[in-house]
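Structure record follows, encoded as C-alpha cells.
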Amino acid sequence: EPEVTQTPSHQVTQMGQEVILRCVPISNHLYFYWYRQILGQKVEFLVSFYNNEISEKSEIFDDQFSVERPDGSNFTLKIRSTKLEDSAMYFCASNGQLDQPQHFGDGTRLSIL
Amino acid sequence: RKEVEQDPGPFNVPEGATVAFNCTYSNSASQSFFWYRQDCRKEPKLLMSVYSSGNEDGRFTAQLNRASQYISLLIRDSKLSDSATYLCVVKAGTASKLTFGTGTRLQVTL
C-alpha cells in the first residue's frame, strides 16, 4: 500500500536554528498538509497546499514557517529561528481529493534544545 | 466550547468486551467525519469514515447524528490490539483542514 514518508524521524536542533522537515506524499495525491502534535496534546493543523500554493493555514503558521514543493515528489516544512515550544511531532499528510481521508506519514519528532 | 470534544478516558475493558466512544463537534458546517486511531508516539491512522446512515467495518460501527452534532464509535469483541487512542476528526465542507479531538484512550486487558 502506498504511504507518505517523512525524514528525518528525529531532529534535534539548537534554539534559534532553522530546520527543514521533508515529506514525500503518495505519488498521485494532489493535496498536502502539515500538522503538529505537542506531547500530550491533540493533533493541530498547520497548513494545506495545493497546486503549488498554500490553500489554508492556521494561526500557528506564522512568518516563522514556510512550505515548499521543490520538485515533483518532495514537500517540505521550514521552521526558522526555532523556539523551545516548537518541540513536537510534525506529521505530513496527503490525499487525492479534498473530500477523501488524509493519509499521514509516521512523523518527524523535533526536539529544540 | 471545544471544536471537537471527546472523553479522554482511559477506558479499561477486558478482552471480548464491547466499548463505545462518543464525540461532539461545534461547527455545524462540518461535512466529513472520521475516526482515526493513534498508537503511542505514532501517526494517526484512518480507522473509518463516518457516514450519515451509519456504517460498519467488521467489529467497528460508527454513527453520526447531525442534529445533535454527535458521532459515536462502537467496538465489539475487543482485542488486545485495539488498545490505542481513538481520535474523532471532522472537516468543514469548504475547508481542507482536519480538526481533531484530544482522543479517547482505550486499554484492553486480559
Unique residue being of a type in the set (Gly, Ala, Ser), facing chain A (nearest Cβ under 9 Å), in contact (Cβ under 8 Å) with a residue 12 or more places away in the chain and on the phi < 0 side of the Ramachandran plot when the list is B:28, B:32: B:32
Condition broken by residue B:107, with the remaining ones in (1) more than 19 Å from residue B:4 (Cα to Cα); (2) surrounded by 13 or more Cβ atoms within 10 Å (Cβ to Cβ); (3) free of Cβ contacts under 8 Å to residues at least 60 places away in the same chain satisfied: (3)
Qualifying residue in segment B:10-24 (condition: in a loop (DSSP other than H, G, I, E, B), under 27 Å from residue A:100 (Cβ atoms) and of a type in the set (D, E, K, R)): no
When residues of segment A:67-91 are limited to those that are in contact (Cβ under 8 Å) with a residue 60 or more places away in the chain and more than 9 Å from chain B (Cβ to nearest Cβ), the one nearest to the chain's Cα centre (by Cα): A:90
Subset of segment B:47-59 [under 10 Å from the mean Cα position of the chain (by Cα) and within 21 Å of residue B:105 (Cβ to Cβ)]: B:47, B:48, B:50
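Each row is one residue, and each column tells you yes or no for (1) surrounded by 13 or more Cβ atoms within 10 Å (Cβ to Cβ); (2) touching a helix residue (DSSP H, G or I) at 6+ places or on another chain (Cβ under 9 Å); (3) without any contact (Cβ under 8 Å) to a residue 12 or more places away in the chain; (4) closer than 24 Å to residue B:99 by Cα.
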{"position": "A:11", "(1), (2), (3), (4)": "yes, no, no, no"}
{"position": "A:19", "(1), (2), (3), (4)": "yes, yes, no, no"}
{"position": "A:33", "(1), (2), (3), (4)": "yes, no, no, yes"}
{"position": "A:44", "(1), (2), (3), (4)": "yes, no, no, yes"}
Positions within segment A:69-113 being at pLDDT 95 or above, assigned to a loop (DSSP other than H, G, I, E, B) and basic (Lys, Arg), in sequence order: A:80, A:83
Residue that is modelled with the lowest pLDDT [pool: residues in segment B:29-44 that are part of a loop (DSSP other than H, G, I, E, B) and of a type in the set (A, V, I, L, M, F, W, C)]: B:29
Strands (runs of 3 or more DSSP E) wholly inside segment B:52-110 containing at least 1 residues that are within 14 Å of another protein chain (Cβ to nearest Cβ): B:55-57, B:60-65, B:84-92, B:104-109
Residues located in segment A:25-42, provided they are assigned to a strand (DSSP E or B) and within 21 Å of residue A:80 (Cα to Cα): A:32, A:33, A:34, A:35, A:36, A:37
Residue match in segment A:5-13 (condition: outside any loop (DSSP other than H, G, I, E, B) and under 10 Å from the mean Cα position of the chain (by Cα)): yes
Number of the exception - residue B:79 against (1) surrounded by 17 or more Cβ atoms within 10 Å (Cβ to Cβ); (2) farther than 20 Å from residue B:3 by Cβ: (1)
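The values are calculated or read from the model by the stated rules, or taken from the named source; none is laboratory data. Values in this document were obtained by computation on a predicted structure and should not be read as measured data. Positions of Cβ are generated from backbone atoms using ideal geometry, with glycine treated the same way; all protein chains shown enter the neighbour counts.
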